[in-house]
Amino acid sequence: MELKQIIEAKERLAGVAHITPCQYSTTFSKMCGNDIYLKCENLQKTGSFKVRGAYNKISKLHSEGNLKSIVASSAGNHAQGCAFAASKMGIEATICMPRTTPIAKVSATSGYGAKVDLYGDFYDDCYKHAREIEKETGAVFIHPFDDEDVMAGQGTLALEMLDSISDLDYILAPVGGGGLLAGIASAVKLSGYKTKVVGIQAAGADALVRSFKEHKHIALDSIYTIADGIAVKNPGIKTLEIINKYADDLVTVTDNEIASTVLHLMERTKMIAEPSGATPLAAMIYDKLGIRGKKVGLVISGGNIDVLTIGKIIEQGLISRKRKIELSVQLFDRPGMLELVSHILAAEGANVVNITYDRMRAGLSINETILHIGCEVDGEEQALKVRQALINAGLKVL
């Protein structure tokens, strides 16, 4: 990878991709003890940074010859980037996506005129399927990350960040297959900046973190994470080589930390970020790097999140932050007991969101029941007070 490739990519993207804002966040700066800047690629055309690499690759191929059709594999964002680029140049596009891809990403991809082929449960499944289509049809395969032209396109993002804030101490970016991190790290280090570049990966899909730490390519047999945009079992060979050369560190965040951070972004900045896009901020909020007093740029890589998925992530975020709790209380099944429980909860300031009875559990006597109560509270301290208040009233909290 050469700096020239990234500069040429920047020229190809001029007037096509947005120069997205790099916003200072007072709230997250105070929360994290650092100066936090959010690079808002969730506001990018097609809703993520992926259009940069896809457009750069397809545009370059188109200018070099008679490109008639492309095929790509993607969990969603690369799909939309390829579909957008192909439609701009009048090229046929077939996009293979996992069956688990959020509906919003599938609809958006087909909306750009691409043929969507749903196959397999993970990215790696549909990747193999796409390569088969490549052999059968002669369409040119556009790799989502393990391609220097794609990486160069993603690297333009870092040039924009450093044009805006030249003295950043750190840039944190999500990492799945490694294209974004490789592009950013190359752009930063080849430009001569001392800025440290760190990749953030989901703990349930940490192939690149393991590969980086152990200095060898590692693929995983299975993965599980809510961050579908970075759910990759087999990271790139080329991306790993560049990351090993230029990146400073890679760390992981859990799904609970990601969900909580998506909720933080909604509540504090009114910003919608998909789970993968929230990982850099999650790493700062949960202190994965142990840094203080630094200028840190966080790549909010995308905002393409299914509406139904948002509800589940909000729920998970509330639970992980002890903002929503469930209590199971065993009590006598007689008039006035629900009123007693309700009075205690109200006195402690807990907001009841659901109550169900369980009279059939084994071990209960004929005059006993279990009350399952879902409550909204303001954190762990209040949750413990609610539980203790019920116990103090002589109730058995299970």
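Restricting attention to the range 258-279, which residues are in a loop (DSSP other than H, G, I, E, B) and either free of Cβ contacts under 8 Å to residues at least 12 places away in the same chain or not charged (D, E, K, R) (or both)?
Within the range 258-279, LYS270, MET271, ILE272, ALA273 qualify.
Would you confirm, using the coordinates I've provided, whether ALA54 is under 23 Å from PRO174 (Cα atoms) and either without any contact (Cβ under 8 Å) to a residue 24 or more places away in the chain or in contact with a strand residue (DSSP E or B) (Cβ under 6 Å, 6 or more places away or on another chain) (or both)?
no
Cβ-Cβ below 6 Å, separation at least six or inter-chain, first residue in the range 1-28 and within 29 Å of ARG292 (Cα to Cα), second in a helix (DSSP H, G or I): which pairs?
Within 6 Å, the pairs are ILE19/GLU160; THR20/GLU41; THR20/LEU43; CYS22/MET161; CYS22/SER164; THR27/ARG268.
For LYS194, all conditions in the list (1) farther than 23 Å from ASP121 by Cβ; (2) touching a strand residue (DSSP E or B) at 6+ places or on another chain (Cβ under 7 Å) hold save one; what is the number of the exception?
(2)
TYR24 fails exactly one of the following numbered conditions: (1) farther than 23 Å from ALA182 by Cβ; (2) among the aromatic types (Phe, Trp, Tyr); (3) outside the structural domain of LYS245 (by TED's automatic domain parsing); (4) modelled with pLDDT of 95 or more. What is the number of that condition?
(3)
Consider the range 142-170. How many of its residues are touching a Ser or Thr at 6+ places or on another chain (Cβ under 6 Å) and buried (at least 23 other Cβ atoms within 10 Å of the Cβ)?
4
Filter the range 1-45 for residues that are surrounded by fewer than 18 Cβ atoms within 10 Å (Cβ to Cβ), among the small types (Gly, Ala, Ser) and in a loop (DSSP other than H, G, I, E, B) and give the result.
Scanning the range 1-45 gives ALA14, GLY15, GLY33.
Okay, residues lined up against (1) over 27 Å from VAL307 (Cα atoms); (2) among the hydrophobic types (A, V, I, L, M, F, W, C):
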residue: ALA72; (1), (2): no, yes
residue: LYS88; (1), (2): yes, no
residue: THR94; (1), (2): no, no
residue: THR109; (1), (2): no, no
residue: VAL140; (1), (2): yes, yes
residue: ASP149; (1), (2): yes, no
residue: GLY153; (1), (2): yes, no
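Please name all residue pairs, on different chains or six or more residues apart, with Cβ atoms under 8 Å, provided the first residue is in the range 346-363 and is without any contact (Cβ under 8 Å) to a residue 40 or more places away in the chain and the second residue is part of a loop (DSSP other than H, G, I, E, B).
Here the result reads GLY349/VAL377; GLY349/ASP378; ALA350/VAL377; ASN351/VAL377; ARG359/ASP333, each pair linking the range 346-363 to a residue that is part of a loop (DSSP other than H, G, I, E, B).
Report yes if LYS295 is in the same structural domain as GLY183 (by TED's automatic domain parsing), charged (D, E, K, R) and either farther than 18 Å from ILE171 by Cα or free of Cβ contacts under 8 Å to residues at least 24 places away in the same chain (or both), otherwise no.
So LYS295 fails the test.
Identify the residue in the range 224-250 that is out of contact with any helix residue (DSSP H, G or I) (no Cβ under 6 Å at 6 or more places or on another chain) and of a type outside the set (Lys, Arg) and, among all such residues, is nearest to LYS189 (Cα to Cα).
ASP248
Kindly provide the set of residues from the range 49-68 that are polar (S, T, N, Q) and at pLDDT 95 or above, ordered by number. Working first, answer last.
Here is the first cut: in the range 49-68, the ones polar (S, T, N, Q) are 56, 59, 63, 66.
Hits for the range 49-68 are ASN56, SER59.
Being of a type in the set (Lys, Arg) and surrounded by 24 or more Cβ atoms within 10 Å (Cβ to Cβ) is the filter here, so list the residues in the range 61-118 that pass it.
LYS105, the sole residue that qualifies.
The values are calculated or read from the model by the stated rules, or taken from the named source; none is laboratory data. Just so you know, these numbers come straight off a predicted model, no measurement behind them. Heads up, the Cβs are rebuilt from the backbone with ideal geometry, glycines too, and the neighbour counts pull from every protein chain shown.
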